[in-house]
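Each reported figure results from applying straightforward, stated rules to the coordinates on display, with no laboratory input. Since the structure is predicted, the reported quantities are computational estimates derived from the model, not experimental observations. FYI the Cβ positions are ideal-geometry reconstructions off the backbone, even for glycines, and counts take in every protein chain you see.
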Amino acid sequence: MREIKFRAWDTENKKMYTVDELHNLWEIGTPVAVYQHSIKPDVLLRIDNNPLMQYTGLKDKNGKEIYEGDIVKETYNKKELRISEVGFKNGSFVLLTPNQFIEIGNLKNDIEVIGNIYENPDLLTPHKE
């Protein structure tokens with residue numbers, strides 16, 4: 001059974017909250033407005049106006065937990081490198097690639113978390129050499 005947990009990006013203070021920090025905020029009465037994916041597909045969960053990211057239940061090759069909004073580096077076909085955002089589409093956690101959604105649970109490749117879309121958005125921008 002997959003562990004259900006979240007982290008949140010504080011848009012005002014530019015800080016990522018961990019699961020424990022979120023728990024502490026909820027205990028002290030921070031207003032919580034959580035919208036489930038099932039209500040409106042592809043809408044991020046939120047605390048106030050701060051996006052929540054759900055844990056996929058998977059860890060990268062270094063043992064780091066993989067969350068929605070993470071940016072991962074993946075080697076596939078034994079040589080090609082792909083950098084993708086982890087998202088949630090059609091009821092599954094996926095890698096959001098330009099041409100398709102790849103279910104993350106089906107990957108047999110080495111995946112490494114290299115950042116997230118809030119702190120490192122430039123990782124998804126193609127770089128010119």
Ile83: net charge of surrounding residues, Cβ under 9 Å, Lys/Arg +1, Asp/Glu -1, itself excluded? 0
Over 29 Å between alpha carbons, listed pairs Lys61/Lys89; Lys14/Lys78; Lys14/Lys79; Lys15/Lys78; Lys15/Lys73; Lys5/Lys73: Lys14/Lys78; Lys14/Lys79; Lys15/Lys78
Under the rule rounded for a/c under 1.5, else prolate if a/b exceeds b/c, else oblate, using alpha carbon gyration tensor axes a ≥ b ≥ c, region 55-129 is classed as rounded
Inter-label distance, nm, simple model (7 Å from Cα along the C-beta direction), Asn99/Glu21: 3.9
Distance between modelled label sites at Leu107 and Thr125, nm, 7 Å Cα→Cβ extension: 2.3
